[in-house]
Amino acid sequence: MEVTASSRHYVDRLFDPDPQKVLQGVIDMKNAVIGNNKQKANLIVLGAVPRLLYLLQQETSSTELKTECAVVLGSLAMGTENNVKSLLDCHIIPALLQGLLSPDLKFIEACLRCLRTIFTSPVTPEELLYTDATVIPHLMALLSRSRYTQEYICQIFSHCCKGPDHQTILFNHGAVQNIAHLLTSLSYKVRMQALKCFSVLAFENPQVSMTLVNVLVDGELLPQIFVKMLQRDKPIEMQLTSAKCLTYMCRAGAIRTDDNCIVLKTLPCLVRMCSKERLLEERVEGAETLAYLIEPDVELQRIASITDHLIAMLADYFKYPSSVSAITDIKRLDHDLKHAHELRQAAFKLYASLGANDEDIRKKIIETENMMDRIVTGLSESSVKVRLAAVRCLHSLSRSVQQLRTSFQDHAVWKPLMKVLQNAPDEILVVASSMLCNLLLEFSPSKEPILESGAVELLCGLTQSENPALRVNGIWALMTLCILANIADGTTAKDLIMTNDDILQKIKYYMGHSHVKLQLAAMFCISNLIWNEEEGSQERQDKLRDMGIVDILHKLSQSPDSNLCDKAKMALQQYLA
């Protein structure tokens with residue numbers, strides 16, 4: 001009651017007829033809420049926000065009063081996510097954006113600081129920055145006003161740039177030209193926020209990345225500036241963000257993978273970030289960025305695998321933080337225990353990239369202490385992200401015939417995998433079902449137990465999914481099934497399929513699909529079912545003819561896709577033989 005009474009007093013003063021008393025009331029409120037979340041919540045409940053916003057927008061309010069109102073609103077936004085929601089419900093963003101049209105720099109800075117706090121909150125929809133088309137060009141114009149406008153605006157851009165549409169809007173309004181020179185600002189915060197802007201602008205964006213490569217700042221090309229910023233003597237945050245910029249430009253095709261700035265600078269910097277000495281979030285970001293950098297390039301995978309004992313270094317990601325961690329800071333330990341799953345996720349992602357192509361690297365990863373057990377444990381973790389990363393890692397390692405026959409068998413990996421496939425979200429299903437395809441290959445010893453544990457029904461379910469990638473995987477895996485000759489109990493895979501009209505109709509449907517890969521998969525099934533030298537082929541041919549398969553084969557023999565055309569002709573010959 002006391003707290004509420006004192007809070008009410010603050011709010012009441014905002015309605016005083018004397019403007020000087022109102023100003024003093026806002027200043028006292030500002031001092032009362034700093035670092036006091038309970039006081040902030042009380043003031044919001046008592047209706048301070050609409051009144052502050054009214055004063056902020058009132059033409060008769062002095063600039064000093066408007067500025068103090070913006071400062072208090074910014075302080076309220078610093079509290080909990082619920083505070084931010086309350087501010088958004090009162091339409092604070094349009095009011096603050098309107099404030100940016102004022103000629104007074106101090107007021108503009110206070111509005112920007114408050115906007116920065118609100119836009120960096122996870123509960124604020126980024127779209128609110130783009131609703132009014134005049135906002136972005138106005139923010140670009142304000143970049144030249146002061147180092148504070150530069151810092152806050154860059155921070156707003158880097159938080160609100162999500163996906164290609166936002167990148168295009170910012171790019172078209174001159175973001176690259178307006179922000180590039182800020183990389184040489186005297187203020188570290190401005191340099192840092194400008195760098196973050198470039199990392200989000202370049203991510204998976206060839207247009208931005210190709211432009212960045214040729215931008216000059218004080219006679220120096222941008223990639224060279226990024227390289228200087230990832231040197232060891234720079235703050236870790238700066239090293240990491242510069243490495244991200246170069247990584248994203250490389251992945252977007254603007255820098256070659258064998259360029260020295262990637263091989264000798266970016267890659268080693270990211271490996272450094274994975275060491276024990278780094279903070280948890282630095283190790284996570286370092287490993288995830290490195291995984292993304294090397295993912296498509298076997299040469300970078302090989303270089304990374306022999307840099308600073310990376311494969312062994314990643315094993316530490318599973319042991320941290322332990323009860324004996326040398327963390328004296330209790331808050332840090334508490335934080336790290338809550339976020340330890342992010343380390344495991346990052347390690348799985350990086351192992352997946354490292355092992356994507358090279359058999360020797362896969363062998364090294366699997367021979368790392370308890371690796372297969374760790375992956376199997378990862379498959380049943382509560383965090384969806386960890387499960388997905390573990391499946392990706394397993395999928396990468398399952399490309400090895402040798403490992404399928406040995407480690408995968410020793411650890412009965414298929415059991416937890418089948419469990420993962422039950423009611424998993426689509427993103428996990430896509431990777432897990434690809435992985436299942438590998439386990440169902442002819443030479444995989446896991447094949448029979450998998451089929452016995454209900455794989456056929458599961459795969460049939462996938463072929464009816466709305467997700468095209470899942471349909472492809474379902475069909476491919478069922479086709480692997482067709483290639484199988486005898487299943488353990490002597491029943492043939494062919495009989496399994498021929499007696500299941502649902503599968504046959506699916507195969508027929510996919511023969512006429514617009515996706516060539518699906519058509520090819522279905523063709524493989526048909527070829528195997530009608531092959532003349534196999535027992536029972538005549539009955540199978542007759543049944544498929546009655547279903548109209550021969551007519552489809554005639555059509556496909558005219559296909560512009562040579563692969564498909566050849567397969568169809570070969571299948572037709574089986575009917576003529």
Practice item. Rank Leu88, Leu142, Met372 by how far each Cα sits towards the positive end of the charge dipole of the chain (+1 on Lys, Arg Cβ; -1 on Asp, Glu Cβ) and give me just the farthest. Key: Leu142
Revision key, fill the gap. Computed over segment 489-577, protein heavy atoms only, probe 1.4 angstrom, the accessible area per residue in square angstrom equals 54
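Please give the per residue accessible area of segment 339-385, computed with a probe of 1.4 Å over protein heavy atoms only, in Å².
Working: 1920 Å² over 47 residues.
Value returned for segment 339-385: 41 Å² of accessible area per residue.
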Exercise for review: Pop out the ³J(HN,Hα) list for segment 514-527 in order, Karplus 6.51 cos²θ - 1.76 cosθ + 1.60 with θ = phi - 60°, rounded to Hz; leave Gly and Pro as x.
Suggested key: 7, 8, 4, 4, 5, 4, 5, 4, 5, 4, 4, 4, 4, 4
Practice item. Would you mind putting 363-369, 434-440, 188-194 in packing order, based on average other-beta-carbon counts within 10 Å, highest first? Key: 434-440, 188-194, 363-369
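Nearest 20 debye, what's the magnitude of the dipole of segment 305-396 about its Cα centre given +1 on Lys and Arg Cβ and -1 on Asp and Glu Cβ?
Computed charge dipole of segment 305-396: roughly 320 debye.
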**Study point:** Using θ = phi - 60° and Karplus 6.51 cos²θ - 1.76 cosθ + 1.60, couplings along segment 398-404 (whole Hz; Gly, Pro as x)
**Key:** 6, 6, 9, 4, 4, 6, 4
**Study point:** Positive dipole terminus of segment 165-265, leading residue within Asn205, Val227, Cys250 (C-beta point charges)
**Key:** Val227
Exercise for review: Place a +1 charge on the Cβ of each Lys and Arg in segment 120-208 and a -1 charge on the Cβ of each Asp and Glu, then give the dipole magnitude about the Cα centre in debye, rounded to the nearest 20.
Suggested key: 440
Revision key, fill the gap. Under the Karplus relation with 6.51, -1.76 and 1.60 and θ = phi - 60°, whole-Hz ³J(HN,Hα) for segment 223-235, x at Gly and Pro, equal x, 5, 5, 4, 4, 4, 7, 9, 6, 4, 7, 8, x
Practice item. Among the GluC sites (Glu not before Pro) in segment 490-577, which ones are in a DSSP loop with at most 10 other Cβ atoms within 10 Å of the Cβ? Mind listing them? Key: Glu533, Glu535
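Treating the beta-carbon of each Lys and Arg as +1 and of each Asp and Glu as -1, no other charges, what is the dipole magnitude of the chain about its Cα centre, to the nearest 20 debye?
Working: 59 positive and 66 negative charges, 239 e Å.
Around 1140 debye, computed over the chain.
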Practice item. Give me the aspartates and glutamates in straight-line cross-link reach of Lys38: C-alpha distance below 14 Å, same-chain residues under 8 apart excluded. Key: Glu2, Glu81
Practice item. Report the semi-axes of the equivalent ellipsoid for the chain in whole Å, largest first, where each axis is √(5λ) for an eigenvalue λ of the Cα gyration tensor. Key: 57, 28, 26
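Using mean Cβ contacts within 10 Å as the protection proxy, how do 125-135, 449-459 order, highest first?
Numbers: 125-135: 14.0, 449-459: 17.0.
The peptides rank, most packed first, as 449-459, 125-135.
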Exercise for review: Pairs to check: Lys338/Lys419; Lys162/Lys517; Lys319/Lys415; Lys385/Lys506; Lys276/Lys349; Lys106/Lys234. Give those whose C-alpha atoms are more than 20 Å from each other in this structure.
Suggested key: Lys338/Lys419; Lys162/Lys517; Lys319/Lys415; Lys385/Lys506; Lys106/Lys234
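Could you tell me which GluC sites (Glu not before Pro) in segment 1-101 are loop residues by DSSP with no more than 15 other beta carbons within 10 angstrom of their beta carbon?
Values: sites: Glu2, Glu59, Glu64, Glu68, Glu81; in loops: Glu59.
Those satisfying the criteria are Glu59.
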Practice item. Of the options Ser6, Ala432, Gln573, report the single residue whose Cα projects farthest towards the positive end of the charge dipole of the chain (beta-carbon charges: Lys, Arg +1; Asp, Glu -1). Key: Ser6
Point to revise | Probe 1.4 Å - accessible area at Leu429, Å² to nearest ten | key: 20
Review point. Of all the accessible heavy-atom surface of the chain, with the other protein chains kept in place and a 1.4 Å probe, what percent is carbon and sulfur?
Key: 52
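The values are calculated or read from the model by the stated rules, or taken from the named source; none is laboratory data. Values in this document were obtained by computation on a predicted structure and should not be read as measured data. All Cβ positions, even for glycine, are placed from backbone atoms using ideal geometry, and neighbour counts span all protein chains on display. Just the protein is used for accessible areas: all its heavy atoms, side chains included, with ligands, DNA and RNA removed. Shrake-Rupley method; radii C 1.70, N 1.55, O 1.52, S 1.80 Å.
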